[in-house]
Each structure stands twice: as structure tokens, then as C-alpha cells.
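Following: one structure in C-alpha cells, then a few remarks.
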Amino acid sequence: MPNPELQRKILKLSSELLKKQIKWRRYLHQFPEVSNNEFETTKYLTDELKKLSITTKKIKLPTGLIAEVTGNKKGPVVAVRTDIDALPILEQTNLPYQSKNKGCMHACGHDMHMATILGVAAILENLKSELHGTVRFLFQPAEEMPPGGARPMIEEGVLDNVKMIFGLHVDPHLQTGKIGTRDGVTMASVTDFDLIIHGKSGHAARPHHTVDAIVTAAEVIESLQKIISREVDPIDPVVITFGKISGGYARNVISDKVHLVGTIRTLSPKASKEMPRKVKRIAQSICKARGATAEMIIIGLYPVLVNDVDTNSIIKNNYNNLFGTGKIEDAPQVLGGEDFACYLEHVKGAMFRLGVMNKKIKADKPWHSPEFIVDEDALYYGTFVIVASVIDALKKL
Ligand code: NI
């Protein structure tokens, strides 16, 4: 059971830190960097952690880092992960601290995640006497761009000795002061892929001497949607989306090549495994029928995100105890993906949702919107619940 006296102490420390966390967050918000280019972000995080006397360590990837706080008492290791990348979006919030890197924006709240985790590290550094073991902080690059930063970090050994991992994601549909949790399958597997259709080019008026890659691509796109309605169990949700298509040279030239950029989302590992084979089969068969060929390239794969029940109950107990019942909502299942799921393939853990909605300050736009705004007061709730949960987890594990 969480210790009420300690909880009040954490709450006090969290509220004292809020101003500084807002400062961190606004700085990071003004200088966002896209996936795998988070060089200044990594430098800023390293500098701020050093100012807090926290041990940092470079990783093999060009960006990102890890940090550790070791308690005065012996015990296992738990990890806390934040993503650090932003999106290629032109910010349209008109906030005084809006992005100074034009065309790049923290529109998914990863700046909030970083400021929360910096705060967690700062507080734990002051609570070493309460810590039975080590907390490892993973500042992970490239969450937004499969294959993502999680897998290479895992291969490098960032999960060595880790017994439990915690993650968070802001939620603009959940009121500030609330958190969302869900046991088991919560987010979708993501299979990002490219399809390249090869035909034979020629004059627009002489189609019989060519293989039209554009007409063939149209047929492929339409047929692939029929996988969903005819080849997948209707109670097993699957989505195929092509977000980009390019090909062709001029109005009067038949194109020999079309490039399709797609993503597959599923909520079951079974569908995740089967879908790429089905897509390849249909694409290649249709191309063959038309005299064309299809090449399928898998760009990246995030597994289904499965939250652990024990980790969730640690989070829920600590939150409930202090803020009372009614502040925790059931997070819905979504077909969005997250490479936090990769960590959960190796170690038990959970990602919770942190409410950042506040209609008074227009903090209610969806993720990835150019008008995405968050309620910074949420930093306080996120920091408290992670500090309390990791201290609790280290005692229990
Ligand atoms: Ni995100």
C-alpha cells in the first residue's frame, strides 16, 4: 500500500517543481526537432540532468540518452521512458512560446513527456533515501518514425536488469487531473510498408504498347481494402491506409512506376503477422494479371501494445489514494501505434494516458493538429504519479 506521508511529500515536491517544469517544457516546445534529428534536444536534456547532478549516459544512436538515479537501499531496476521527437508540422497556435523551428512542432506532446520525466528525475534525486534500487530514464528518439528508436535502444541493452517499465502519453481528450489506463491490448501493431509498382512507359495515346502503372496501382489500392471486408475476422479490427502515392511524368506519358506509402494497423498479433502476406499476395497477383510487377518493402513494425495488470494497479493505487476515485478513466483501445510496445515485449510495464484537456485555454485539439495545445498543469499530476509508482514498484519487485 502506498505510504500516505510519503505521498504528501511527493505531492509537495511536485507542486514546488511545476514552475521549473513549465520552463523546461516551453524551451523544448520552442526548439522541436524531427525524428533522429533531436541533437539540440539531447544536448539540452543532458545539460539539465547534469545541473540536477544526475548521471547521464550516451547511447549508440546519434540522438537520445539514458540517465539513472540509484537509491540508498539495494533493489532492482525499473525504467521510465519518454520520447523526445517532434513532427514536421507548421505550428498555428500563436502561443508566445510557439515553435521557432519553422515547420517543426511538438504536436504530440513529447515536450510534456520530457518535462515530466526531468521532473521525476529531479524529485527522485531528492528522495534517494526512499528508493530501493535504481530508476533508469530512457530518453528515446524517433518514436514518430518507424522503425523507431525503441528497438535499437533495447538491442543496446537499456533494458538490462529492468524488472518493470513505465511510459506516459498526453491525452487531449481527457480532462487535466485525470489519467487513463487500460489492461491488456491498448494500442495497435503498426506495419509501415512501401509498394512499388513497375510497368512499362510509353505514349499516352498508345496504351497497347505499355503497362500502365497508374491504372494498375488504382486496382491494387481498391483490392487491398477488400482484405478488410472479406479476408479478416470482422471482430478483429484491421486498417490499411495509403497516406501518399506518387508516380508519373507528364499528362501525355504513361507511367512505368508508382510508389505507394502505406500502413497496416491491427489489434491482434495474429492479424499483424498475417496482413503483410495478404497485402503482398494481392498486390503481386493483380500486377501479374496486368503484366506489371510489385515490390513490397517493410519499413518498420511496432507490435501490439499490451499493458501489464500489475503495473497498472501500482499506477492506479497511487493515483486513487491521493486524488480519490473518479479520476481514472478506462482508456479506449485505439488503432494508433507506439513503439513503447517494443519494450513491453521484453519486460512487463504499462503506458498510461495523462489528461491535458482544458477547454478554457483551447487545449482540446487532437494530437498532430497544428493547433495542438496542452494544459501544462498536467505536469504536476504526471510527475506525482510516476514518482510514487516507481518508488512503490521498487519496494514490491
Ligand atoms: Ni506521441
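Some notes on this structure:
- The chain: relative contact order in percent, alpha carbon pairs under 8 Å with at least 6 residues between: 24
- Sequence-distant residues sharing a close amide H with G180 (under 5 Å, placed H): E329, R353, L354, G355
- For the stretch 11-59, the square roots a ≥ b ≥ c of the C-alpha gyration tensor eigenvalues yield an a/c of 1.5 or more together with a/b not exceeding b/c, which makes the shape oblate.
- Of the solvent-accessible surface of the stretch 188-302, computed with a 1.4 Å probe and all protein chains present, 56% belongs to carbon and sulfur.
- In a simple Cβ point-charge model (Lys, Arg +1; Asp, Glu -1; nothing else charged), the stretch 188-302 has a dipole of about 200 debye relative to its Cα centre.
- Taking amide H as placed 1.01 Å from N in the peptide plane, V34 has its amide H under 5 Å from the amide H of A86, each at least 5 places away in sequence or on another chain.
- Looking at the stretch 188-302, the accessible area is 55 square angstrom per residue; that uses a 1.4 Å probe and ignores ligands, DNA and RNA.
- Cα gyration tensor category, rounded, prolate or oblate, for the stretch 16-107 with a/c compared to 1.5: prolate
- Surface per residue (accessible, 1.4 Å probe) for the stretch 1-106, Å²: 54
- Crossing angle, helix 39-51 versus the chain [Cα axis fit, 0-90 degrees, rounded to tens]: 10
- Each peptide in 75-83, 232-240 receives the mean, over its residues, of other Cβ atoms within 10 Å, and ordering these scores from highest gives 75-83, 232-240.
- Per residue, the Cα convex hull of the chain amounts to 147 Å³.
- Highest to lowest packing among 352-359, 49-56, scored as the average C-beta count within 10 Å: 352-359, 49-56
- Dipole of the chain, positive direction: furthest Cα of P172, T46, A283, with charges on the beta-carbon: T46
- If only the Cβ of Lys and Arg carry +1 and only the Cβ of Asp and Glu carry -1, the dipole of the chain around its Cα centre is close to 180 debye.
- In the stretch 188-302 the Cα-Cα distances spread across 5 Å bins starting at 0 as 2, 12, 23, 21, 17, 11, 7, 4, 2, 0 percent of all pairs.
- Ordering of 264-277, 245-258, 114-127 by packing [mean C-beta count within 10 Å, highest first]: 114-127, 264-277, 245-258
- The stretch 1-56 and the stretch 103-158 have Cα centres separated by 10 Å.
- Counting protein heavy atoms only, the stretch 1-133 has 53 percent of its accessible area on carbon and sulfur, 1.4 angstrom probe.
- The spacing between the stretch 322-391 and the stretch 177-251, judged by their C-alpha centroids, is 31 Å.
The values are calculated or read from the model by the stated rules, or taken from the named source; none is laboratory data. Predicted model only: the values in this text are computed from it and were never measured. Because the Cβ atoms are built from the backbone with ideal geometry, glycine has one as well, and the counts that use them run over all protein chains shown. These area figures cover heavy atoms from the full protein model, side chains too; ligands, DNA and RNA do not enter into them. Shrake-Rupley method; radii C 1.70, N 1.55, O 1.52, S 1.80 Å.
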